[in-house]
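Asker: My structure is below; once you've seen it, I'll send some questions.
The values are calculated or read from the model by the stated rules, or taken from the named source; none is laboratory data. Everything numeric in this text was worked out from a predicted model, so none of it was measured. For neighbour counting, all protein chains shown are included, and Cβ atoms are generated from backbone atoms with ideal geometry for every residue, glycine included. These accessible areas exclude ligands, DNA and RNA; they are computed on the full protein's heavy atoms, side chains included. Shrake-Rupley method; radii C 1.70, N 1.55, O 1.52, S 1.80 Å.
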Amino acid sequence: MKINNLFAWLLIASVIGVFYIYIDQFHQKKDVPLPTQLHPEVIEKKDALVSKAAEKGIPIVITDGFRSFSEQNELYEQGRSAEGNIVTHVEGGESYHNYGLAIDFAIQLDNGQVIWDMEHDGNKNGQSDWMEVVDLAKDLGFTWGGDWMGFKDYPHLQMDFGLSIRELKNGKRPPE
């Protein structure tokens with residue numbers, strides 16, 4: 001009797017899941033244009049981050065922002081079919097960069113050299129400059145790729161506005 005009840009519940013859950021997927025196809029907004037630049041709020045917060053970091057004596061540069069799908073695919077091939085180290089685990093359309101919602105940063109030394117050293121303490125306050133920038137970014141509403149459970153993307157900061165990649169692919173966009 002209990003096995004039959006379990007089977008019935010599994011069958012109902014499966015039917016509901018298939019129905020949801022079927023209905024979700026009709027809610028896709030395929031005609032919504034893809035962004036071609038960073039979202040205005042991301043630009044505002046990016047500029048604030050650069051300023052706030054400078055106030056703490058930490059010069060940073062934004063090394064990447066909006067990326068087209070083709071640019072994302074080129075990065076994805078790096079370390080696979082192209083020379084270089086693997087720097088991303090997602091192809092075009094699977095990154096918040098592709099929707100103008102992510103930036104990458106690095107620390108700039110006095111001599112102009114750009115570094116990705118998470119231990120560097122250029123402002124000599126006994127704290128990692130990198131983590132000071134991450135804290136500033138989080139205060140501004142960014143989430144940090146270093147907090148991800150899987151692949152850690154330490155230079156990555158994003159504002160997803162509560163939208164998943166799937167929703168973005170289906171045409172949902174954050175308000176401007």
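Asker: Taking into account only those residues within the stretch 133-166 that are part of a helix (DSSP H, G or I) and open to solvent by less than 60 Å² (accessible area, probe 1.4 Å), which is farthest from K46 (Cα to Cα)?
Answerer: Within the stretch 133-166, the match that is farthest from K46 (Cα to Cα) is I165.
Listed here are the residues, each with its yes/no results for (1) free of Cβ contacts under 8 Å to residues at least 24 places away in the same chain; (2) touching a helix residue (DSSP H, G or I) at 6+ places or on another chain (Cβ under 6 Å); (3) of a type in the set (D, E, K, R).
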site: V50; (1), (2), (3): yes, no, no
site: E55; (1), (2), (3): yes, no, yes
site: P59; (1), (2), (3): no, no, no
site: G65; (1), (2), (3): no, no, no
site: N73; (1), (2), (3): yes, no, no
site: Q78; (1), (2), (3): yes, no, no
site: S81; (1), (2), (3): yes, no, no
site: Y99; (1), (2), (3): no, yes, no
site: I103; (1), (2), (3): no, yes, no
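Asker: Moving on. Could you identify the single residue in I107, I58 that is at pLDDT 95 or above, over 18 Å from the mean Cα position of the chain (by Cα) and part of a strand (DSSP E or B)?
Answerer: Result: I107 is the single residue among I107, I58 that is at pLDDT 95 or above, over 18 Å from the mean Cα position of the chain (by Cα) and part of a strand (DSSP E or B).
Asker: Looking at the structure I just gave you, is N73 loosely packed, with under 15 Cβ neighbours inside 10 Å and polar (S, T, N, Q)?
Answerer: No; evaluated as a whole, the condition is false for this residue.
Asker: Residue check, N98 against (1) assigned to a loop (DSSP other than H, G, I, E, B); (2) polar (S, T, N, Q); (3) over 19 Å from K56 (Cβ atoms), all met but one. Which one?
Answerer: It fails just one condition, (1).
Asker: Looking at (1) part of a loop (DSSP other than H, G, I, E, B); (2) surrounded by 13 or more Cβ atoms within 10 Å (Cβ to Cβ), which is the one condition that is false for K124?
Answerer: (2)
Asker: Okay, moving on. Give the number of residues within the stretch 46-70 that are farther than 17 Å from D139 by Cβ and open to solvent by 60 Å² or more (accessible area, probe 1.4 Å).
Answerer: Count: 3.
Asker: Mind listing whichever residues of the stretch 81-115 are surrounded by fewer than 19 Cβ atoms within 10 Å (Cβ to Cβ), more than 23 Å from P40 (Cα to Cα) and not hydrophobic (A, V, I, L, M, F, W, C)?
Answerer: S81, E83, G84, N85, H89, E91, Q108, D110, N111, G112, Q113
Asker: Only one residue in G146, G141 is at pLDDT 95 or above and closer than 30 Å to P33 by Cβ. Which one?
Answerer: G141
Asker: For the stretch 25-45, indicate whether the set of residues that are of a type in the set (S, T, Y), surrounded by 10 or more Cβ atoms within 10 Å (Cβ to Cβ), at pLDDT 95 or above and assigned to a loop (DSSP other than H, G, I, E, B) is non-empty.
Answerer: So far as the stretch 25-45 goes, no, none of its residues is of a type in the set (S, T, Y), surrounded by 10 or more Cβ atoms within 10 Å (Cβ to Cβ), at pLDDT 95 or above and assigned to a loop (DSSP other than H, G, I, E, B).
Asker: With the structure loaded, tell me whether S164 is of a type in the set (S, T, Y) and in contact with a helix residue (DSSP H, G or I) (Cβ under 6 Å, 6 or more places away or on another chain) or whether it fails that test.
Answerer: Answer is no for this residue.
Asker: To continue, here is another question. Just give me the residues in the stretch 120-152 being in contact with a strand residue (DSSP E or B) (Cβ under 8 Å, 6 or more places away or on another chain) and among the charged types (D, E, K, R), in sequence order.
Answerer: D129, K138, listed by residue number.
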